[in-house]
Structure formats: C-alpha cells, structure tokens
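Student: The following block contains the structure, expressed as structure tokens.
Derivation of every value follows stated rules applied to the coordinates shown; laboratory data play no part. It should be emphasised that the depicted structure is a prediction, and the values quoted were computed from it without experimental measurement. Note: ideal-geometry Cβ built from the backbone for every residue, glycine included; neighbour counts use all protein chains shown.
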Amino acid sequence: MTARLRKTGASLPAGGREKPTLSLRRRSLASLSLALLAVATACTSYTEIPIETPIQPKLDTSAFQRIFIAGFIAGANDDVDANMETVRLLRSQLRNKGIMRVIDADTLPLMELAKQNGAEPNAPPVPDQQAVVPPQEQDKAPVINDEKDLEQYQHIFANVAYWKRIGEEYQQPLIVTGAVLFAPQQRSGFVQREQESYDPFGRRVVVPVRTYMERKGFVLRPTFIFIDGRTGETLHTETFREEILYNASQQTPALSSYFELMDRLLPAFLNTLSAQKIKGTRTLLK
Amino acid sequence: MQFRSLAFALSLALVSAPAAWAGQRGQAKEQVEFGIQVAQRGLWKEAIYRWERAAQLDPTYAAAFNNLAVAYEHEGQLSKAREAYEKALALEPNNALVRQNYDLFKEINDRAAQKDGR
C-alpha cells in the first residue's frame with residue numbers, strides 16, 4: 001500500500017523522505033498556476049474606446065431665453081477689478097457656448113445699492129439703477145478683504161422686489177449675480193519636492209525632499225447666485241474656491257492668476273446652465 | 001436498476017453541464033464581440049442590446065457587465081453603469097482593467113452626485 005501511494009505521488013503522514021517530494025510538488029504547482037495566470041492575462045483581449053459621459057445641468061433653464069450677468073460684489077485686490085473681469089469672462093463664455101442669449105448691458109452698481117439699503121435689507125429698490133451715494137462716500141472705495149467684509153452686502157441678493165424690477169426691465173431673463181473675492185495670500189511651511197541626484201554608479205536618482213518655503217499667490221472665491229428674472233427669487237447658489245501658490249521669488253501678475261483660477265471653475269459654472277460632456281477612454285473586454 | 005439509472009443521469013448531467021456552460025459562454029462571447037464592433041462605430045444602443053443579451057446568456061461573464069457599464073456611462077445612465085461595474089467586479093475582483101474603468105467612472109459619478117447635492 002505504501003509503495004502504491006508513493007508511486008502515485010500521494011502524500012504520507014509526515015516523515016523522512018516525503019517532505020522534499022511534497023515541497024517540490026507544491027513548487028511545481030505554484031509555477032504552473034503562475035504560468036496559467038500569465039497565459040490567462042495575456043489571452044484577455046481588450047480594446048480601448050473613447051466615450052463622452054453627459055452630465056445633466058443643475059438648473060432647468062428651459063423657461064429662459066436670455067441671461068443677464070448683472071455684476072458682482074467684489075474686492076480684495078487693487079490690480080484686478082474682479083467684478084468687471086468676471087462679468088466679461090462669463091458673458092464671453094456663455095456667448096461662445098451659445099447658452100441662451102446674453103444681454104449686453106451695463107453692470108449694476110450693487111455695492112452702492114447694498115450700502116444704500118443696508119440699514120433696511122427689505123427696503124424697496126432705489127428708483128434708478130444708479131444709486132444715490134452721499135458725496136463724502138463717493139471717493140471712498142469700499143474695503144473688502146475677506147468673506148466677513150462681504151457679509152454687509154449680502155442682503156441685496158435677497159431683495160426680491162429689486163431683482164423682479166431688473167427682470168422686467170430686461171425681458172425676464174435668468175439673472176446671474178453674486179460675490180467674487182480675489183485676494184492675495186501668503187503661506188510658509190514645509191513643501192515636498194523632488195530632488196535630482198546621482199548615485200555612485202552615475203545613475204540618476206530622484207529623491208523626495210521636504211523643504212521650508214515661503215510661498216505667495218491668490219485665492220479666488222466666487223459665489224454665483226442665479227435669480228429668476230420673472231419673480232426676483234433666487235433659484236440656485238453655488239460657491240467655489242480655488243487657490244494658487246507660487247514661490248515667493250516668482251513674480252506673477254494678479255490678472256493672469258485670476259484667469260488661471262477662473263479657468264479651473266468655469267466648466268462647473270457652465271454645467272449649472274447646460275449639459276456637459278466629459279470625454280474619457282474606457283476599456284472594453286472580450 | 002433504479003440506482004444505476006440515477007447514477008447514469010447524474011453522471012450525464014455532470015458531463016454535459018460544462019459543455020452547456022461552454023456553449024452559453026460561446027454565444028455570449030459572440031454577442032460581446034459584436035457589441036464591441038458596433039460600439040466602435042458609435043452605435044451604442046445596439047451595443048447595449050448585445051451586451052445585455054450576453055449578460056443574460058452567461059451571468060458569470062464579467063466582460064459583458066464591464067462593457068455594459070461603459071455603454072451605460074456613455075449614455076449618461078450612471079446608476080445603471082455603477083450596478084454593472086459592481087457586478088463585473090464581483091465576478092472578477094482582481095481584474096485591473098475593470099477596476100480602472102470603475103475608478104474613472106466614480107470620479108465622474110461623484111461630480112454628478114455633488115451637483116445633485118446627494
């Protein structure tokens with residue numbers, strides 16, 4: 001019986017010479033499985049295919065033929081007029097994409113209006129778009145450095161009567177307004193970066209190194225408020241935050257940083273109003 | 001005699017089961033390959049029909065579910081795509097290609113979910 005078992009290669013209770021045989025068998029089985037796996041992987045045929053995934057818009061804009069980028073409460077940077085730049089950029093993007101008819105009109109003096117109605121948030125709108133500003137305040141530029149400074153102007157967006165009147169004036173469009181904070185920022189701390197070196201054999205080695213760096217840049221924090229021009233009510237609000245940091249020695253114009261940051265969030269803004277197709281590649285298996 | 005017949009029936013079933021399974025897989029594979037051809041020509045609806053058929057023919061065929069998921073994704077049917085990817089991964093948890101597709105899908109799906117406030 002023992003001889004028969006040995007011949008067929010069946011295992012015996014632990015003892016003497018069977019152990020090396022068993023180990024050898026296991027090793028050959030393991031090699032065989034690995035080989036089979038490799039063959040199976042090699043045999044898996046696949047093909048790559050480009051796809052476009054449609055993402056539905058957040059807002060149903062079917063009731064609107066026209067869109068009015070009314071202007072923004074903005075501040076925090078003297079080099080960039082974030083209000084005007086944002087209005088220009090959004091209007092041109094909407095025109096290029098053919099998303100509704102873009103109304104080309106002067107922006108609204110929102111800061112002045114907000115200041116005038118500040119004491120009474122629900123006060124009726126001023127008779128004319130051009131707000132009446134006390135003479136002593138006319139030359140004084142409002143200081144907006146952070147979100148807290150913006151708060152005093154927020155009530156203007158909830159003034160339903162005002163926005164309804166604006167809507168009537170421009171044939172009941174979808175109104176886009178809000179606040180844009182574009183502020184310089186400075187940060188110092190440890191940053192991980194890759195350092196190139198050569199080993200004793202002359203081979204190039206890249207090693208991650210943590211270094212202390214002074215960095216400066218900008219933060220862009222726009223809040224887009226979409227108002228129904230027929231009712232004056234807010235339909236949707238969306239806030240974004242993007243920042244960019246450079247080496248402290250690098251001189252980057254504020255305006256180019258502003259456009260770089262706006263570029264990042266524009267697809268999301270446009271996707272609020274229209275469907276967007278996200279291009280990608282996937283693998284089909286056989 | 002009765003035992004013999006039972007044993008014969010059992011062994012016949014055991015012998016024919018893999019053959020039947022292989023036959024189903026063969027048909028499913030044909031559907032999958034045809035689906036790929038039409039998808040490459042942009043006929044995604046037809047591809048979906050083919051891959052759904054393949055998944056019905058052989059519910060253990062991960063490739064059919066993977067391809068179906070890709071097609072659903074292309075058509076914007078994101079919840080169906082997720083289901084199909086998850087089924088493909090349940091069948092082949094170690095398939096790196098399915099995993100890669102699923103990871104890419106999740107990025108888009110998460111964005112859409114964020115938009116919906118989900």
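Student: Using the count of nearby Cβ atoms within 10 Å as a rough guide to exposure, how do A:Ser274, A:Ser256 rank from fewest to most?
Tutor: Values: A:Ser274 17, A:Ser256 12.
By the 10 Å Cβ count, ascending, the order reads A:Ser256, A:Ser274.
Student: Sticking with this one: Return the long-range amide H neighbours of A:Ile278 (sequence gap of 5 or more, or a different chain), with a cut-off of under 5 Å between placed amide H atoms.
Tutor: A:Thr53, A:Ile55
Student: When the chain is fully extended, how far beyond the present Cα-Cα distance does A:Met213 get from A:Gln65, taking 0.36 nm per residue of separation?
Tutor: On the way: separation 148, 0.36 × 148 = 53.28 nm, distance 5.07 nm.
48.2 nm is the gain from fully extending A:Met213 to A:Gln65.
Student: With 31 Å as the limit, write out which pairs from A:Lys97/A:Lys164; A:Lys148/A:Lys279; A:Lys148/A:Lys277; A:Lys277/B:Lys87; A:Lys58/A:Lys148 have Cα-Cα distances beyond it, or answer none.
Tutor: Long pairs (Cα-Cα over 31 Å): A:Lys148/A:Lys279; A:Lys148/A:Lys277.
Student: Taking amide hydrogens as modeled 1.01 Å from N in the peptide plane, which residues meet the under 5 Å criterion relative to A:Leu181, leaving out close sequence neighbours?
Tutor: Result for A:Leu181 returns A:Arg221, A:Thr223.
Student: Students often check this: by mean Cβ neighbours within 10 Å, which of B:32-44, A:171-183, A:214-226 ranks highest, and how do the rest follow? Write down the numbers at each step before the final one.
Tutor: Working: B:32-44: 17.3, A:171-183: 23.3, A:214-226: 20.1.
Ranked from most to least packed, the peptides come out as A:171-183, A:214-226, B:32-44.
Student: Taking every pair of Cα atoms in segment B:25-116, average 1/r, invert it to obtain the Kirkwood radius, and report Rg/Rh to two decimals. Spell out each step's value before the answer.
Tutor: On the way: Rg = 12.7 Å, Rh = 13.0 Å.
Ratio value, two decimals: 0.98.
Student: Quick one: if you stick a label point 7 Å off each Cα along the C-beta vector at A:Glu52 and B:Glu83, how many nm between them?
Tutor: According to this spin-label approximation, the distance is 2.7 nm.
Student: For A:Ile69, A:Ile227, what ranking results if the residue with the fewest other Cβ atoms within 10 Å of its Cβ goes first?
Tutor: Arranged by neighbour count, lowest to highest, A:Ile69, A:Ile227 become A:Ile69, A:Ile227.
Student: By count of other Cβ within 10 Å, fewest leading, how are A:Phe201, B:Phe105, A:Phe259, B:Phe65 ordered?
Tutor: Result, fewest neighbours first: A:Phe201, A:Phe259, B:Phe105, B:Phe65.
Student: Another one. A:Glu242 to A:Ser45: extension gain in nm, 0.36 nm per residue of separation minus the Cα-Cα distance?
Tutor: 66.7 nm
Student: Could you give log10 I(q)/I(0) at q = 0.16, 0.20, 0.21, 0.29 Å⁻¹ for segment A:211-271, computed by the Debye formula over C-alpha point scatterers of equal weight, without solvent?
Tutor: Values, matching the q order: -0.63, -0.81, -0.85, -1.16.
Student: Could you work out the Kirkwood radius for segment B:20-76, taking every pair of different alpha carbons, averaging 1/r and inverting it, reported in Å?
Tutor: 10.8
Student: For segment A:140-286, state the semi-axes of the equivalent ellipsoid (square roots of 5 times the eigenvalues of the alpha-carbon gyration tensor), sorted largest first and rounded to whole angstrom.
Tutor: Numbers: eigenvalues 370, 123, 23 Å².
Listed largest to smallest, the semi-axes of segment A:140-286 are 43, 25, 11 Å.
Student: Just counting partner chain Cβ atoms within 10 Å, what average do the residues of peptide B:104-110 show around their Cβ?
Tutor: That average works out to 3.
Student: Starting from the Cα of A:Lys97, step 7 Å along the direction of its Cβ; do the same at A:Glu169; then give the gap between the two resulting points in nm.
Tutor: Using points 7 Å along Cα→Cβ, the separation is 2.6 nm.
Student: Work out the charge dipole of segment B:25-116 with +1 on the Cβ of Lys and Arg and -1 on the Cβ of Asp and Glu about the Cα centre, then indicate which of B:Gln31, B:Phe105, B:Leu78 is farthest towards its positive end.
Tutor: Looking along the dipole axis, the top candidate is B:Gln31.
Student: I've got another one for you. Other chains near B:30-36: what is the mean number of their Cβ atoms within 10 Å of each residue's Cβ?
Tutor: 2
Student: If you count, for every residue in A:45-56, the Cβ atoms of partner chains within 10 Å of its Cβ, what is the mean?
Tutor: Neighbouring Cβ atoms belonging to other protein chains average 6 per residue here.
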